[in-house]
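Working notes, structure below.
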Amino acid sequence: MKRVKDRAVQVARRAMKGAAALALHYSGAQEVISAVQRRAVGGVRVLILSYHRVVGSVELEAKRGLPTLNIGQDTFRKHLEVLSETHRIARLDEALEVLAGKRSAQDDLAVLTFDDGYRDVYEHAFPVLRDFKAPAVVYVPSGFIGTQNRLAHDRLWAALKAMEKRSLGPMSLGVGGEFEALLLQAFEGEPIANKALERLIAENPTPVLYRLSDALEERLGLDRAEAPRGQFPMTWEMLREMAAHGVETGGHTADHTVLTNQPLDEARREIAQCKSTLEKGVGRPVRHFAYCNGWYSAGVAQALRAEGFVSAVTTEDLPNQPGVDPYALKRKVLWERSSAGILGGWSKALAACQFNDTFGMLSLQKPVLGARPTRFGSARPGEVVKSANG
């Protein structure tokens, strides 16, 4: 019953948001709000967009992977068409210079970014980027490139959905005391798989998540090789080809680690390993970084600066004000439903409101902040030095 109610609330919210977008867009109110925003930031806005997977079939991939990571290739193309009406798609380095007051711009700027290094970014996003001659940044976890290994959140989501489909609870799996306790906590209140996954990521160090993935897959009899092709990582050849067309490679840790869940010394190792591996593989400097889960701390930012990174992006959906900390850049995370209107289909009005941050300006949506305390000290015995790939 709770899940039915949650679904009804989601549909109602989408309808209300779609109706508001239509009214704001076609009444001209959105343009007025945009003008106010430009004055507030000194005349030019810098929007950084975050995507994950760009897929051929949203319907198919929603059954095989975490839906909130997916956007269809056709919808992505429409995003760029609408975005280009109000923004100029720019390189991240140019946007940083504008934000630092070192460079002026005549138009609002938009920076395109992709997290996690999924292969279908190369297969489905890259052709669209070439058509638009649009630069971008792909943030990739260095330890996965060219392998058939999958990220913990994808593996866990598949396992949690299998549990849901088979009506299996945490205590019926027989995964052992440590993991059973984690699952009981994640499923407290009987949330859907997506919410249970959020809790697991929020509350556990990354090595624990990979060990939990191993245990669940073994107990459920899941075959890792049956995962969607696009969910596997890109190869070095793909990254080098994209770089030659203006799609820059950025860092995203070595093992897709939520750095604020790790002791700072382990975070430093992840950052250093990531940068060294990426620069050797792509043959270019790697200067930009994305925080996994969008979470960051002062200590982690300092570690990035020490390794030679010049920027880092969060998932905080807020405007990038002039003088913003380059290690706490704000991004708007988008997926297929971000531009779905009243009836669930494509809505240009809603997409335009997203790109112009109309809902944020009107306080109709609340950003999730990513700042966390720096975690000093050494890793506990159960957290250490287990690679995601071994």
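When residues of region 307-332 are filtered for being free of Cβ contacts under 8 Å to residues at least 40 places away in the same chain, more than 29 Å from Thr358 (Cα to Cα) and open to solvent by 40 Å² or more (accessible area, probe 1.4 Å), how many remain?
1
Report every pair of residues separated by at least 6 positions or lying on different chains whose Cβ atoms are under 8 Å apart, first residue within region 112-140 and basic (Lys, Arg), second part of a helix (DSSP H, G or I).
Arg119/Arg229; Arg119/Gly230; Arg119/Gln231; Arg119/Met238
Evaluate the following for Arg91: is it open to solvent by 10 Å² or more (accessible area, probe 1.4 Å) and either of a type in the set (A, V, I, L, M) or out of contact with any Gly (no Cβ under 9 Å at 6 or more places or on another chain) (or both)?
In short, no.
Mind listing just one residue for me: the one in region 283-306 that is touching a strand residue (DSSP E or B) at 6+ places or on another chain (Cβ under 9 Å) and assigned to a loop (DSSP other than H, G, I, E, B) and, of those, most open to solvent (accessible area, probe 1.4 Å)?
Per the stated criteria, the residue is Arg284.
Are there any pairs, at least 6 apart or on different chains, whose C-beta atoms fall under 8 Å, with the first in region 143-159 and at positive phi and the second open to solvent by 20 Å² or more (accessible area, probe 1.4 Å), and if so, which?
Here the result reads Gly146/Thr235; Gly146/Trp236, each pair linking region 143-159 to a residue that is open to solvent by 20 Å² or more (accessible area, probe 1.4 Å).
Testing Ala105 on (1) under 30 Å from Trp236 (Cβ atoms); (2) open to solvent by less than 30 Å² (accessible area, probe 1.4 Å), one condition comes back false. Which one is that?
Answer for Ala105: the failing condition is (1).
Only one of these conditions is not met by Gly177: (1) open to solvent by 30 Å² or more (accessible area, probe 1.4 Å); (2) touching a His at 6+ places or on another chain (Cβ under 8 Å). Which number is it?
(2)
Considering only region 250-266, I want to know if a residue exists there that is free of Cβ contacts under 8 Å to residues at least 40 places away in the same chain and over 18 Å from the mean Cα position of the chain (by Cα).
Scanning region 250-266, I find no residue that is free of Cβ contacts under 8 Å to residues at least 40 places away in the same chain and over 18 Å from the mean Cα position of the chain (by Cα), so the answer is no.
The values are calculated or read from the model by the stated rules, or taken from the named source; none is laboratory data. Everything numeric here is computed off the predicted structure, so don't read it as measured data. Positions of Cβ are backbone-derived with ideal geometry, glycine not excepted, and every protein chain shown enters the neighbour counts. The area values use the complete protein model at the heavy-atom level, side chains included, leaving out ligands, DNA and RNA. Shrake-Rupley method; radii C 1.70, N 1.55, O 1.52, S 1.80 Å.
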